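Participant: After the structure tokens below, expect a handful of questions from me.
The values are calculated or read from the model by the stated rules, or taken from the named source; none is laboratory data. Please read these numbers as outputs of a predicted model, since none were measured by experiment. Ideal geometry is used to build each Cβ from the backbone, glycine not excepted, and the neighbour counts take in all protein chains shown. Side chains included, ligands, DNA and RNA excluded: accessible areas come from the protein's heavy atoms. Shrake-Rupley method; radii C 1.70, N 1.55, O 1.52, S 1.80 Å.
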Protein chains: 2
Amino acid sequence: MKYDDDIVALATPSGAGAIAVIRISGAKAISLTAPLFKSIRGKDLKKQKSHTVHLGHIVDAERTLDEVLVTVFKDPHSYTGENVIEVSCHGSLYIQQEIIQLFIRNGCRMANPGEFTLRAFLNGKLDLSQAEAVADLISSDNEANHKIAMQQMRGGFSNEIKKLREELLNFASLIELELDFSEEDVEFADRTQFKDLLSRIQEVLKKLIDSFAIGNVIKKGIPIAIVGEPNVGKSTLLNALLNEERAIVSEIAGTTRDTIEDEISIGGIGFRFIDTAGIRETTDVVESIGIKKTFEKIENSEVVLYLVDGNQLMTQEQNIPLLQTATEKLQEKHPSKPLVIVINKIDALHEKQLATISEQLPEALLMSAKTGLGVEQLQNKLLDFINLGALRNNETIVTNSRHYNSLLKALEEVEKVQLGLDEDLSADLMAIDIRQALYHFGEITGEISSDDLLGNIFANFCIGK
Amino acid sequence: MKYDDDIVALATPSGAGAIAVIRISGAKAISLTAPLFKSIRGKDLKKQKSHTVHLGHIVDAERTLDEVLVTVFKDPHSYTGENVIEVSCHGSLYIQQEIIQLFIRNGCRMANPGEFTLRAFLNGKLDLSQAEAVADLISSDNEANHKIAMQQMRGGFSNEIKKLREELLNFASLIELELDFSEEDVEFADRTQFKDLLSRIQEVLKKLIDSFAIGNVIKKGIPIAIVGEPNVGKSTLLNALLNEERAIVSEIAGTTRDTIEDEISIGGIGFRFIDTAGIRETTDVVESIGIKKTFEKIENSEVVLYLVDGNQLMTQEQNIPLLQTATEKLQEKHPSKPLVIVINKIDALHEKQLATISEQLPEALLMSAKTGLGVEQLQNKLLDFINLGALRNNETIVTNSRHYNSLLKALEEVEKVQLGLDEDLSADLMAIDIRQALYHFGEITGEISSDDLLGNIFANFCIGK
């Protein structure tokens with residue numbers, strides 16, 4: 001399954017910068033680079049040791065393209081497990097392009113997305129779930145995502161799966177051995193030990209499957225719906241939450257034109273704030289599409305923030321009862337969603353008004369996004385609502401829906417085996433179910449894989465990785 | 001003048017990619033990295049040779065930040081001439097930020113723009129004009145810019161200047177020696193040889209100064225004004241010109257809101273196409289601001305393209321004489337600007353119409369930007385107008401206005417010396433002029449420099465270089 005051609009790609013982000021790195025991998029990577037590289041000290045690249053760096057020029061016949069550093073990695077001691085050359089050149093777009101073109105003219109082919117990692121997988125440098133973690137690691141933008149991807153890349157998840165698979169495989173062999181001696185009615189596989197193993201496997205699988213609920217939202221950013229009319233201070237709130245942490249912000253245009261999603265990292269966890277229309281307006285036209293959308297967004301969120309301008313609230317006496325009705329309605333419609341009422345802009349209220357609010361809305365969080373008052377309480381509250389136990393305890397968390405599906409299928413098969421065992425099913429039927437369970441375990445780590453599956457996984461990688 | 005602190009910066013373009021490179025430079029770069037790096041093979045980073053690469057993890061106490069490759073460069077065998085560490089990590093924004101922060105917490109300071117190259121200059125790894133060429137090289141986006149920057153970076157320009165400076169310095173010493181023996185009326189400096197040298201210097205300086213005219217436009221992109229009414233096919237033309245070459249395109253919003261500049265590389269040379277209003281409208285209101293702007297743009301361009309829709313041209317008989325009048329007016333106003341009349345959309349004209357145009361406008365270039373007809377002729381015509389002799393002959397071309405100014409001042413002083421020599425001026429007065437000339441030579445290569453000057457030059461660099 002090894003490749004016999006050589007690939008080239010830009011490994012660093014596209015754009016201009018101080019330096020850029022171009023990566024070449026394949027059996028001929030070094031011999032193919034040698035004539036294109038003129039070492040300052042007249043060294044022959046082909047004679048250099050692995051993991052050494054050499055200063056020189058990339059030359060295209062008489063033309064000097066750039067002064068570069070070339071790093072040599074020798075099969076199998078490289079990322080891909082093949083010979084690898086890394087050319088560290090000046091970060092001009094023009095130079096990057098010219099060097100890549102030069103390598104293509106000299107026998108390389110442009111790498112497909114993720115092809116370096118695919119080769120690493122095919123050469124046994126990584127298993128499939130580790131390879132997938134590489135892509136997760138590259139796209140990780142907060143501590144939680146980074147931690148989970150890092151653990152997975154270092155083999156935490158696959159080791160757990162591989163260990164179970166090995167034990168199960170061992171039993172499978174024994175059961176299959178029994179089939180060969182079926183006329184003699186012997187039991188090589190100790191049924192009590194087997195039952196123990198099966199319940200252990202089920203326990204681990206269930207735990208991993210359960211972890212996907214949190215893993216999936218952590219990966220995508222925990223969705224928080226902000227219910228509130230315009231000008232109650234949504235953007236000030238988001239800025240206030242953000243300023244507490246030196247985080248990477250990104251603004252993602254939502255699926256509908258009127259929705260802006262803001263992604264903010266709080267305590268190392270990514271939160272995705274989803275702006276929704278206020279409820280008060282919507283009480284008028286209950287059947288309107290606007291409401292439906294708001295309720296949909298609330299349904300898809302983990303926590304609902306009901307943001308109110310304290311000053312607006314104080315303009316009329318009936319506003320507080322109206323707010324109570326609105327929030328009660330919300331809770332009725334979404335009984336399982338944690339709801340936080342946030343009274344914003346309290347810096348502009350006087351003592352008596354604050355007392356009234358505290359008395360009539362005891363559960364409300366008083367805040368001034370402008371001065372920062374109450375922001376930390378809100379952050380802690382948001383973190384409290386999310387069950388981060390598994391993350392804090394360094395437990396394995398499943399974030400990949402492919403793994404989740406394989407785990408579900410594996411569990412299903414293991415339960416069948418368990419049932420067969422309980423009902424004293426014949427060894428040959430049980431063996432089939434065990435093989436099926438093993439198959440699904442193998443899918444996760446890539447011991448079982450198809451070209452289609454690999455194609456799908458690596459197509460989502462960036463080029464150069 | 002050496003620095004005693006350690007700096008860190010991202011060296012690759014910002015953004016997410018397969019890998020990113022973080023660079024640390026300073027006396028303590030290696031010893032400071034050692035405790036933050038856990039080698040896979042348990043190696044001690046401090047004991048590794050220069051130019052070697054090591055696989056391991058960047059760790060922050062108990063927390064593993066990433067699996068990385070660390071490259072060691074030892075003083076003086078590095079870019080900066082100091083100890084340098086390059087960390088090649090996964091290209092996530094989060095990881096990049098975390099690793100940089102880790103190094104800052106452990107004694108590094110964030111590098112200023114261009115500080116790595118500044119240190120390289122101060123440590124004698126590059127002279128000043130070579131350092132400036134690094135920035136030019138990074139921003140080069142076509143063959144011509146790349147070639148000039150590359151030649152300058154490899155010392156082509158500075159060697160020429162340094163050689164002249166040395167010879168002049170030699171004479172300066174002899175002249176100054178005469179001053180010490182002034183009562184004895186001796187001549188250590190051979191006046192004939194000196195005259196020879198001075199005329200040689202003047203010749204070289206004039207040639208370099210002259211090269212700035214073309215060097216400066218090549219660096220900024222050769223400005224071509226396109227005169228033409230809307231819908232005559234300007235954007236189709238630009239696309240057609242572009243498609244002939246796998247070039248890097250960039251669209252720069254012009255200084256005025258209604259001007260779009262398009263940069264296109266033709267034959268390796270950058271051309272900047274500047275859209276201007278048509279002349280026909282402007283013949284009505286000769287004094288309008290619009291016209292003034294058009295004429296200004298034409299004045300600042302190297303060539304004027306007058307683009308006309310062939311079909312529009314054929315709608316009325318008087319259109320051709322009108323066009324002739326308009327172009328004649330243009331030539332009158334800008335007698336020295338080469339003007340190319342381009343009749344576009346000829347694919348929609350029939351034979352007879354084409355014959356009429358060829359007869360009445362023999363100098364016009366017939367083209368169909370849509371089908372590509374005539375595009376190559378236009379490209380060749382544009383290249384012909386620009387005097388690229390110096391570029392083709394690998395001569396040194398000055399592109400930097402700082403160098404240009406120093407060369408002008410140096411020439412002025414050398415001419416004074418020449419005059420002094422012709423008028424038999426006393427050695428002490430001549431010595432002053434020679435010293436002044438030497439000073440301006442030294443400014444170019446950085447033998448003479450001030451903190452202000454260096455600050456100005458390196459502030460224009462990107463961070464990480």
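Participant: Can you tell me which residue within the range A:153-171, out of those that are within 14 Å of chain B (Cβ to nearest Cβ) and open to solvent by 10 Å² or more (accessible area, probe 1.4 Å), is farthest from B:Gln101 (Cα to Cα)?
Facilitator: A:Gly156
Participant: If we keep just the residues of the range B:328-344 that are touching a residue at least 24 places away in the same chain (Cβ under 8 Å) and under 23 Å from B:Gln312 (Cα atoms), which is surrounded by the fewest Cβ atoms within 10 Å (Cβ to Cβ)?
Facilitator: For the range B:328-344, the residue satisfying everything is B:Lys329.
Participant: Just wondering, is there one or more residues in the range A:23-36 that are open to solvent by less than 20 Å² (accessible area, probe 1.4 Å) and free of Cβ contacts under 8 Å to residues at least 40 places away in the same chain?
Facilitator: Yes: one or more hits.
Participant: May I pose another question? Taking A:Lys370 as the residue in question, decide whether it is more than 38 Å from the chain's Cα centre (by Cα), farther than 30 Å from A:Ile201 by Cβ and surrounded by fewer than 20 Cβ atoms within 10 Å (Cβ to Cβ).
Facilitator: When the stated conditions are applied, A:Lys370 does not pass them.
Participant: So which residues in the range A:49-63 are open to solvent by 10 Å² or more (accessible area, probe 1.4 Å) and either at pLDDT 95 or above or within 26 Å of B:Ile22 (Cβ to Cβ) (or both)?
Facilitator: Correct list: A:Lys49, A:Ser50, A:His51, A:Thr52, A:Leu55, A:His57, A:Val59, A:Asp60.
Participant: Does B:Ser39 qualify as being open to solvent by 10 Å² or more (accessible area, probe 1.4 Å) and either outside the structural domain of B:Ser401 (by TED's automatic domain parsing) or in contact with a strand residue (DSSP E or B) (Cβ under 9 Å, 6 or more places away or on another chain) (or both)?
Facilitator: When the stated conditions are applied, B:Ser39 passes them.
Participant: Given the criterion small (Gly, Ala, Ser) and modelled with pLDDT under 95, identify the matching residue among B:Ser92, B:Ser25, B:Ser39.
Facilitator: Result: B:Ser92 is the single residue among B:Ser92, B:Ser25, B:Ser39 that is small (Gly, Ala, Ser) and modelled with pLDDT under 95.
Participant: Suppose we keep only residues that are outside any helix (DSSP H, G or I) and touching a residue at least 24 places away in the same chain (Cβ under 8 Å) within the range A:345-354. Which one would you say is most open to solvent (accessible area, probe 1.4 Å)?
Facilitator: A:Lys345
Participant: Is there a residue in the range B:221-236 that is closer than 26 Å to A:Leu65 by Cα and within 14 Å of chain A (Cβ to nearest Cβ)?
Facilitator: yes
Participant: Just a yes or no: is a residue in the range A:380-392 open to solvent by 40 Å² or more (accessible area, probe 1.4 Å) and in a strand (DSSP E or B)?
Facilitator: No, there is no match, as no residue in the range A:380-392 is open to solvent by 40 Å² or more (accessible area, probe 1.4 Å) and in a strand (DSSP E or B).
Participant: Take A:Ala437 and tell me if it is out of contact with any Leu (no Cβ under 6 Å at 6 or more places or on another chain), buried (at least 20 other Cβ atoms within 10 Å of the Cβ) and more than 14 Å from every other protein chain (Cβ to nearest Cβ).
Facilitator: Yes, satisfied.
Participant: Restricting attention to the range A:283-294, does a residue exist that is of a type outside the set (Ser, Thr, Tyr) and at pLDDT 85 or above?
Facilitator: Looking for residues that are of a type outside the set (Ser, Thr, Tyr) and at pLDDT 85 or above, one finds none in the range A:283-294, hence no.
Participant: Out of the residues in the range A:64-83 that are of a type in the set (Asp, Glu) and within 11 Å of chain B (Cβ to nearest Cβ), state the one that is least open to solvent (accessible area, probe 1.4 Å).
Facilitator: A:Asp66
Participant: State which residue is most open to solvent (accessible area, probe 1.4 Å) when the search covers only the range B:187-213 and only residues that are over 15 Å from B:Ile161 (Cα atoms) and of a type in the set (Lys, Arg).
Facilitator: Filtering first and then ranking leaves B:Lys195.
Participant: So which pairs qualify, if the first residue must be in the range A:125-140 and facing chain B (nearest Cβ under 10 Å), the second must be charged (D, E, K, R) and open to solvent by less than 20 Å² (accessible area, probe 1.4 Å), the Cβ gap must be under 7 Å, and the two must be at least 6 apart or on different chains?
Facilitator: A:Val134/A:Lys465; A:Ile138/A:Lys465
Participant: For the range B:172-186, give me the residue count where each residue is over 24 Å from B:Ser158 (Cβ atoms) and either of a type in the set (S, T, N, Q) or open to solvent by 100 Å² or more (accessible area, probe 1.4 Å) (or both).
Facilitator: 5
Participant: Kindly list the number of the only condition in (1) open to solvent by 40 Å² or more (accessible area, probe 1.4 Å); (2) out of contact with any helix residue (DSSP H, G or I) (no Cβ under 9 Å at 6 or more places or on another chain) that fails for B:Tyr3.
Facilitator: The number of the failed condition is (2).
Participant: Does B:Asn311 fit the bill of being touching a residue at least 12 places away in the same chain (Cβ under 8 Å), open to solvent by 20 Å² or more (accessible area, probe 1.4 Å), closer than 30 Å to B:Asn159 by Cα and not assigned by TED's automatic domain parsing to the domain that holds B:Met150?
Facilitator: When the stated conditions are applied, B:Asn311 does not pass them.
Participant: Turning to a different aspect of this structure: What is the residue count in the range B:9-39 for residues that are away from every other protein chain (no Cβ under 12 Å) and under 14 Å from B:Ser88 (Cβ atoms)?
Facilitator: 3
Participant: So, one more: Exactly one condition in (1) modelled with pLDDT of 95 or more; (2) in contact with a helix residue (DSSP H, G or I) (Cβ under 7 Å, 6 or more places away or on another chain); (3) open to solvent by less than 30 Å² (accessible area, probe 1.4 Å) is not met by B:Glu86; state its number.
Facilitator: All conditions are met except number (2).
Participant: Among the helices (runs of 4 or more DSSP H) lying completely within the range A:134-252, list those that include at least 1 residues that are farther than 30 Å from A:Lys370 by Cα.
Facilitator: Of the helices (runs of 4 or more DSSP H) lying wholly inside the range A:134-252, those with at least 1 residues that are farther than 30 Å from A:Lys370 by Cα span A:143-153, A:156-180, A:191-220.
Participant: What number of residues in the range B:295-308 are in a helix (DSSP H, G or I) and surrounded by fewer than 21 Cβ atoms within 10 Å (Cβ to Cβ)?
Facilitator: Within the range B:295-308, residues that are in a helix (DSSP H, G or I) and surrounded by fewer than 21 Cβ atoms within 10 Å (Cβ to Cβ) number 3.
Participant: Separate question: I'd like the residue in the range A:89-112 that is open to solvent by 20 Å² or more (accessible area, probe 1.4 Å) and assigned to a loop (DSSP other than H, G, I, E, B) and, out of all such residues, is nearest to the other protein chains (Cβ to nearest Cβ).
Facilitator: A:Asn112
Participant: Looking at the range A:113-122, is at least one residue within 14 Å of another protein chain (Cβ to nearest Cβ) and either surrounded by fewer than 21 Cβ atoms within 10 Å (Cβ to Cβ) or outside any helix (DSSP H, G or I) (or both)?
Facilitator: Yes, the conditions are met somewhere in the range A:113-122.
Participant: Here's a follow-up. List the residue pairs whose Cβ atoms are under 6 Å apart, where the first residue sits in the range A:382-409 and is farther than 19 Å from A:Val303 by Cα, the second is basic (Lys, Arg) and open to solvent by 70 Å² or more (accessible area, probe 1.4 Å), and the two are 6 or more positions apart or on different chains.
Facilitator: From the range A:382-409, the pairs are A:Thr399/A:Lys219.
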